[in-house]
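Enquirer: Would you mind keeping the following structure in view while I ask a few things?
The values are calculated or read from the model by the stated rules, or taken from the named source; none is laboratory data. Given the structure is predicted, the values throughout are model-derived calculations rather than measurements. Cβ placement follows ideal geometry from the backbone for every residue including glycine, while neighbour counts extend to all protein chains displayed. Ligands, DNA and RNA are stripped out before the accessible areas are found, and what is left, the full protein with its side chains, is counted by its heavy atoms. Shrake-Rupley method; radii C 1.70, N 1.55, O 1.52, S 1.80 Å.
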Amino acid sequence: MQLAGIESVVLESRSRKDIEETIRAGVLEQGTVDLMNEIGAGARMMREGFPHEGIHLRFDGRDRRIDFPALTGGKKVMVYAQHEVIKDLVALRLQTGGEIRFEVSEVGLHGLDAEAPRVRYRQGGASHELGCDFIAGCDGTQGVSRPAIPAGVLSVYERIYPFGWYGILCNAPPSSDELIYALHERGFALVSTRSPEVQRMYLQVDPADKVENWSDERTWAEFRARLATRDGWLPKEGPIFHKVIVGMRSFVVEPMQHGRLFLAGDAAHVVPPTGAKGLNLAASDVRILARAIAAHYKSGSRELLQDYSATALRRIWKAQRFSWWMTSMLHRFPGGDAFQYRVQLSELDYVTSSRAASASLAENYVGLPLD
Ligand SMILES: Cc1cc2nc3c(=O)[nH]c(=O)nc-3n(C[C@H](O)[C@H](O)[C@H](O)COP(=O)(O)OP(=O)(O)OC[C@H]3O[C@@H](n4cnc5c(N)ncnc54)[C@H](O)[C@@H]3O)c2cc1C
């Protein structure tokens, strides 16, 4: 919007330091990479990020590779941590004269149905009010935007999974050049990476489990067991400096707009992380919304704004389907029997041996087109 000359103010409840240090997602779709470059925030990402041209699916003690460029006409993904994306976006906005008001509190949205909605908030002990034409509710799952929509307007679609992910960060060299998604009788494991020195790895666990139950010794023993291959592959181990357990759910509200409020990102939808889509969906939502707002100021037409929710949801539901499918294929479900496990192994065999099935996974992983 700033590039289109549209004035906006960003309100953020946390400090700049806090948002720039919160470690979360790390895989950027081709479209998110293109967006960062288009808006002029991509230089450091292109220098320091790691292009990945495939992933490995590990099952039955063997690896099968999905080759993204070969299956998608040259597309790939970029491994570049979300907090680095945030640093680049914040720096660009401040350098180019944009406003971000950090550490605001008591944010309230008013007059959503009126021509000029208002946002009230407190900062530094004082109360403030902003008048505006539109409000973008990009405040995540715990924000105030979604609850500001009157009861009865939104339909909620949700699935809670009976497992969570136990994630670690460790100081070690990469165990693999590309991400490894592994299905084992003991459960799912993921080998990811952040940099040549810092590795991100995950294990499927009970969502009620606690990190205190996972000593470093037990953690590495479990990774070795779930990632074992017939040719004796072992993960590269190192000191673990961060442990977290996150629940997994799929969640969507419809519509993503009410009056002059437009929801984007986790405020409107959540995906299980297996498809690496959460951050990317937030980016594609704001791209669709920014275009619609720009078109409104340019031509006076409200058409794209009226269609925002429907346009965004078509892509969101496809990413939901993909994330649900990857999650279902790669995790052991409590009570799942030997038959279910055989079907999962067979699906992985099919997905990695049929060009059509491999291409379907690849085109979804690198990101479906925006339009
Ligand atoms: C531990 C963890 C690991 C994850 N790993 C992955 C992964 O590997 N792959 C993946 O694709 N996705 C992952 N995700 C999901 C991904 O990070 C999110 O989908 C993504 O951050 C969504 O972006 P967003 O801008 O919509 O919301 P957020 O990133 O949550 O940003 C919302 C912002 O709004 C601010 N805010 C909240 N309330 C208010 C308020 N009232 N007023 C002002 N500001 C407010 C918050 O401080 C926050 O900065 C992970 C999430 C978590 C928590």
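Enquirer: May I ask you to list the lysines whose Cα is less than 21 Å away from that of LYS318, ignoring any residue fewer than eight positions away on the same chain?
Expert: LYS75, LYS76, LYS277
Enquirer: For the stretch 103-182, which trypsin sites (Lys or Arg not before Pro) are both in a DSSP coil and crowded by at most 12 other Cβ atoms within 10 Å?
Expert: none
Enquirer: For the chain, report the convex hull volume of the alpha-carbon atoms normalised per residue, in Å³, without decimals.
Expert: In the chain, the Cα convex hull volume per residue is 152 Å³.
Enquirer: Once phi is turned into θ = phi - 60°, what whole-Hz ³J(HN,Hα) does the Karplus curve with 6.51, -1.76 and 1.60 give for every residue of the stretch 140-154, x standing for Gly and Pro?
Expert: x, 5, 9, x, 9, 5, 4, x, 6, 7, x, 4, x, 7, 8
Enquirer: Also, I was wondering about something else. So, taking all protein chains as they sit and a 1.4 Å probe, how much accessible area belongs to GLU197, in Å² rounded to tens?
Expert: 110 Å²
Enquirer: How would you order 143-149, 214-220 from highest to lowest mean count of nearby Cβ atoms within 10 Å?
Expert: Top of the packing list down: 143-149, 214-220.
Enquirer: Based on Cβ point charges of +1 for Lys and Arg and -1 for Asp and Glu, what charge dipole magnitude is obtained for the stretch 263-370 about its Cα centre, in debye rounded to the nearest 20?
Expert: In total the dipole reaches around 260 debye.
Enquirer: Also: Could you tell me how far the Cα centroid of the stretch 239-266 sits from the Cα centroid of the stretch 64-135, in Å?
Expert: First find each Cα centre; the distance between them is then 14 Å.
Enquirer: How large, in percent, is the carbon and sulfur part of the accessible surface of the chain at a probe radius of 1.4 Å?
Expert: Reported share for carbon and sulfur atoms: 52 percent.
Enquirer: Something else: Run the reach check for LYS236 against aspartates and glutamates, Cα to Cα strictly under 18 Å, same-chain hits fewer than 8 apart removed. What comes back?
Expert: ASP63, ASP177, GLU178, GLU197, ASP216, GLU217, GLU222
Enquirer: Could you give the dipole magnitude of the chain about its Cα centre, charging the beta-carbon of Lys and Arg +1 and that of Asp and Glu -1, in debye to the nearest 20?
Expert: Its charge dipole is roughly 300 debye.
Enquirer: Picking from ALA295, ILE245, LEU313, whose Cα lies most toward the positive end of the charge dipole for the stretch 203-350 (charges on Cβ: Lys, Arg +1; Asp, Glu -1)?
Expert: The one lying farthest along the dipole's positive direction is ALA295.
Enquirer: Using +1 at the C-beta of Lys and Arg and -1 at the C-beta of Asp and Glu, which of VAL10, GLY73, VAL107 has the Cα lying farthest in the positive direction of the dipole of the chain?
Expert: Checking the options against the dipole of the chain, the answer is GLY73.
Enquirer: Moving on to the next point. Just order 32-41, 102-111 by mean Cβ neighbour count inside 10 Å, highest at the front, would you?
Expert: 32-41, 102-111
Enquirer: Could you state the accessible area per residue of the stretch 1-146 in Å², with a 1.4 Å probe and every protein chain left in place?
Expert: 52 Å²
Enquirer: Still on this structure: Applying the Karplus parametrisation 6.51 cos²θ - 1.76 cosθ + 1.60 with θ = phi - 60° to the phi angles of the stretch 292-303, what ³J(HN,Hα) value in whole Hz is obtained for each residue in order, glycine and proline being reported as x?
Expert: Working through the residues one at a time gives 5, 5, 4, 5, 4, 6, 6, 10, x, 7, 9, 4 Hz.
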